[in-house]
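Scroll down for the structure; my scribbles are underneath it.
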Amino acid sequence: MEFENLILEYQEHIAILKINRPKALNALNSATLKELSQAFTQLADNANVRVVLLTGSGEKAFVAGADIAEMSDMNPQQARRFSQMGHNVMDQIENLPQPVIAVVNGFALGGGTELAMACDFRLAGEKAKFGQPEVTLGLLAGFGGTQRLARLVGSGRASEILFTGDNLDAQEAYRIGLVNRVYAQEDLMDQAEKLAQKIASRAPIGVQLTKTAIQKGQNMDIVAGQAFEAEVFGEVFSTQDQKDGCSAFLEKRKADFQGK
Ligand code: HXC
């Protein structure tokens, strides 16, 4: 599928999805949200893809937010719909079977931070900037920021970020646990690909069920969460990769996981 505002490339078992609206620093307008939704639908159905890297094209931005020009004249009903359209994409990422890693190469403001937070985890270049500047525009976060930021960094830190609209640099984002790792800008993509390759070499169904259990567990109490874990732990025993993985260990050889 050809996209106007995205670039989707494949490297063996890894898909690299780049948001590509250089004129607007990759800001998310409805057309781009629609394409993201199409891309994730396509990726969910592609059994060859084991890990997705989500990044921004160009040197400067991951995503500089939702498109301010498009939002400026919206009425309340249109704004609600736009917010829900964003939520649907964030939900699609969380529900995607494969892990999605945000590779934050520059500005990730407003909708950019929100998009990164919907991913399973985040890697940042040292020039990355995070933040929820919506209140500086007379808005508030609307692609899940009021929900996911508090879950990720705690409600006190989230409230300060959301109330002030101040940017956080990569080190500060690392300090509060918003990103897992910070790399020199020129090493970011190579390091992200290396990490993606490592995950792609693990048993794909085991990884996917792990993601599902983590995601579902966020909305469950511990009893229900553990019951779900036992369910999927059982499920993995119907896979060829479980048989091969355990025998490979006992036979002191390397497993070659097939995702079956
Ligand atoms: C539309 C944007 C944009 C955005 C940048 N551009 N961010 N267009 N929406 N979010 C455009 C600029 O208008 C400009 O277009 C071009 O991209 C380059 O941007 P500059 O501002 O000239 O670049 P620079 O001076 O380097 O500043 C970079 C920046 C700044 C600090 C990232 O662009 C900025 O503050 N952008 C807005 C960030 C923001 O407030 N994001 C949150 C949006 S609200 P021209 O045509 O002039 O070259 C949001 C709500 C989410 O995300 C929830 C919705 C429901």
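The values are calculated or read from the model by the stated rules, or taken from the named source; none is laboratory data. These numbers come from a predicted model, not from an experiment. Positions of Cβ are generated from backbone atoms using ideal geometry, with glycine treated the same way; all protein chains shown enter the neighbour counts. Just so you know, the surface numbers come from the protein's heavy atoms only, side chains and all, with ligands and any DNA or RNA stripped out. Shrake-Rupley method; radii C 1.70, N 1.55, O 1.52, S 1.80 Å.
Values of log10 I(q)/I(0) for the chain across q = 0.11 Å⁻¹ run -0.61, by the Debye formula with one identical scatterer at each alpha carbon and no solvent. Using the rule -39500 (n - 2.57) for each DSSP H run of four or more residues, divided by the residues of the chain, the 222 nm mean residue ellipticity is -15000 deg cm²/dmol. At a probe radius of 1.4 angstrom, the accessible area of the chain per residue rounds to 52 square angstrom. 3J(HN,Hα) along the stretch 158-169: 4, 4, 4, 5, 6, 7, 8, x, 5, 7, 10, 7 Hz, from the Karplus curve 6.51 cos²θ - 1.76 cosθ + 1.60 with θ = phi - 60°, whole Hz, x for Gly and Pro.
The phi torsions of the stretch 179-196, fed into the Karplus equation with coefficients 6.51, -1.76 and 1.60 and a -60° offset, translate into couplings of 10, 7, 8, 10, 10, 4, 3, 6, 9, 4, 5, 4, 5, 5, 5, 4, 5, 5 Hz, rounded to whole numbers, with Gly and Pro shown as x. For the stretch 141-231, the convex hull drawn through the C-alpha positions has a volume of 130 cubic angstrom per residue. Dipole check for the stretch 6-200: with +1 at the C-beta of Lys and Arg, -1 at the C-beta of Asp and Glu, and the Cα centre as origin, the magnitude is about 220 Debye. GNM on the chain, alpha-carbon springs under 10 angstrom: the most fluctuating residue among Phe62, Phe163, Phe107 is Phe163. Residue-wise HN-Hα couplings along the stretch 218-224, as the Karplus relation 6.51 cos²θ - 1.76 cosθ + 1.60 with θ = phi - 60° gives them from phi, are 4, 9, 10, 7, 5, 5, 5 Hz; Gly and Pro carry x. With 0.36 nm allotted per residue and the present C-alpha distance subtracted, the Gln147-Ala69 stretch has 25.6 nm of extension available.
Once backbone amide H atoms are built at 1.01 Å from N, Phe62 has Asn105, Gly106, Phe107, Ala108 as its partners under 5 Å, excluding neighbours fewer than 5 places away on the same chain. Spin-label model, Gln171/Gln226: points 7 Å from Cα along the beta carbon direction are separated by 4.2 nm.
Which one, Val207, Thr32, Ala248, is farthest towards the positive end of the dipole of the chain when Lys and Arg carry +1 and Asp and Glu -1 on their Cβ? The Cα lying farthest towards the positive end belongs to Ala248.
Residues whose amide H falls under 5 Å from that of Arg181, counting only those 5 or more places apart or on a different chain, are Ala124, with hydrogens built in the peptide plane.
In percent, how large is the relative contact order of the stretch 16-93, given Cα pairs closer than 8 Å and 6 or more residues apart? For the stretch 16-93, the relative contact order is 47 percent.
Helix 30-44 axis versus longest C-alpha principal axis of the chain: approximately 0°, rounded to the nearest ten.
Taking amide hydrogens as placed 1.01 Å from N in the peptide plane, the amide H of Gly259 sits under 5 Å from those of Ile205, each at least 5 positions away in sequence or on another chain. Other residues with beta-carbon under 13 Å from the beta-carbon of Ala24 carry, at +1 per Lys or Arg and -1 per Asp or Glu, a net charge of 0.
Summing charges over all other residues whose Cβ lies under 13 Å from the Cβ of Ala15, with Lys and Arg as +1 and Asp and Glu as -1, gives -2. Calculate, for Ala31 and Arg181, the FRET efficiency according to 1/(1 + (r/R0)^6) with r their C-beta to C-beta distance and R0 30 Å; round to the nearest 0.05. It comes to 0.40. What is the distance in Å between the Cα centroid of the stretch 163-235 and that of the stretch 24-95? Between the Cα centres of the stretch 163-235 and the stretch 24-95 lies a distance of 19 Å. Applying 0.36 nm per residue to the separation of Ala79 and Lys23 and subtracting their alpha-carbon distance, the gain on full extension is 17.9 nm.
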